[in-house]
């Protein structure tokens, strides 16, 4: 419409726009003396209406024909290949012409489509009215004959209205899921009724058939009023066409193409019938027809929309129930898998690609929560979880949701570290181990995101060694310094110096839990720090922790196990502690 308005304005500027105001004035004077602007109008007693010369008509239709040719050329040159990762064309079944005809015929007979056919026919009546009938009344109305650019202004008003309503519907649909159904119909039907009323009150009765000098029913039209009406037409038309598109997609989801084709058939049928009988219809006939079709189509639309919404709710509930059952099964299998992996890690490294793909079946939040539970229950699982996240990122960078959820759980544990440590020191130490393991993974994924774990690493080490520590706390702090000292030293050497001072104080302390093994771990950390954690300067005899101390890492797992004989904390006790912790944390914060 906006392009058409520009074309009309250009043509009228080049050609002078038909009958001039002088000619119109002369015709009005001529009427007094029994003369007229042309013979055809004189015979009917109509003078002073808007005329178009042959040059106007040739230029207008020539420009529109050129636009049509360009549009068809562009359409023919559009690429036919499917867009990558587009669900619309994925696995689209190929059907024969006979099958297509069968689908269209069955669509015609569908009960919902039969009800919606009234809406489709109303669209045809409404479209033909504002495209053909109402612009004709503007031309045949003597009161508007002096406005040369009125057709261009009318077209521009409709185009602006269509654009404005399209932007409004798009913005509201982002906030309200079903805004394209009943809310848009309420707006569209109300606007249509208002526009029909304004047109009826401002249009002479017989101006739809021939030029006339009749006065309108109530409102004398002018250029501003016509622009306002055209803007309202654009608003209402955009609503009604948007409703048609949405309801065609929802009424028969598996036959959207056929449903839309049926809607266009009824629209064209009703519009064609209106054009055939238009020479016999006055303005009031159109008012009655459009009002009746608007009311009936609105009622039937709301009936179909409610049926569609009930069907959607039913399907959604069934899918949710099915997904919930599948999720429970998948979570059980994933929990069993992670438990097995934790046991297998003690026997050597595992190929992460063999199991990282299994976790993609679950929602990201569920995967992250299962990883979270496992690294809190078993310190050996922290490197496995980090490897899973890293491999998922390398295989498909779109798995950001899992990594984001896991990071949020880590940071939430740090935020509530006092509560976690009070609930279970073992889970707190395992969380610290997981933080260090995850930092290495996130540093390879996104160095800026990994910086969010720097402060938790230093703070956690200080808590382990300087906040009422026990044997397992000091041991884990020493092991973290031995394993990750180089990383910490590169991040903040000053903080590392402070931690080493605390370690030296612990070395010379007379705490009862300070045994030979723990002192050797702390001494090894101090030795590494003395050489700046540099592999080039550290003597080979000091670069590795003695083997007996490697096996001593199991002491962390044995420390809080008072009932298991094999040195591993029972799964049931871990889960009970974890549930207790989650209930406590849920009161203060939600990830």
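The values are calculated or read from the model by the stated rules, or taken from the named source; none is laboratory data. Small disclaimer: the values here were computed from a predicted structure and weren't measured. Here the Cβ is made from the backbone with ideal geometry for all residues, glycine too, and neighbour counts use every protein chain on show.
Odds and ends about this structure:
- The set of residues in the stretch 460-477 that are over 15 Å from residue 501 (Cα atoms) and part of a helix (DSSP H, G or I) comprises 460, 471, 472, 473, 475, 476.
- Taken over the stretch 411-431, the residue count meeting the criterion of being in contact with a helix residue (DSSP H, G or I) (Cβ under 6 Å, 6 or more places away or on another chain) and either farther than 20 Å from residue 456 by Cα or part of a helix (DSSP H, G or I) (or both) is 11.
- Residue identified as assigned by TED's automatic domain parsing to the domain that holds residue 377 and on the phi > 0 side of the Ramachandran plot among 468, 497: 468
- Test: residue in the stretch 133-144 that is in the same structural domain as residue 220 (by TED's automatic domain parsing), under 16 Å from residue 241 (Cβ atoms) and surrounded by fewer than 18 Cβ atoms within 10 Å (Cβ to Cβ): no
- Residue tally, condition under 15 Å from residue 115 (Cβ atoms) and under 25 Å from the mean Cα position of the chain (by Cα), over the stretch 230-262: 7
- Of the criteria (1) surrounded by fewer than 17 Cβ atoms within 10 Å (Cβ to Cβ); (2) within 30 Å of residue 512 (Cβ to Cβ); (3) modelled with pLDDT of 90 or more, which one residue 433 fails: (1)
- Residue that is in a helix (DSSP H, G or I), loosely packed, with under 14 Cβ neighbours inside 10 Å, assigned by TED's automatic domain parsing to the domain that holds residue 206 and more than 25 Å from the chain's Cα centre (by Cα), where the choices are 277, 304, 315, 273: 277
- From the options 217, 191, residue that is surrounded by fewer than 22 Cβ atoms within 10 Å (Cβ to Cβ), in contact (Cβ under 8 Å) with a residue 40 or more places away in the chain and touching a helix residue (DSSP H, G or I) at 6+ places or on another chain (Cβ under 8 Å): 191
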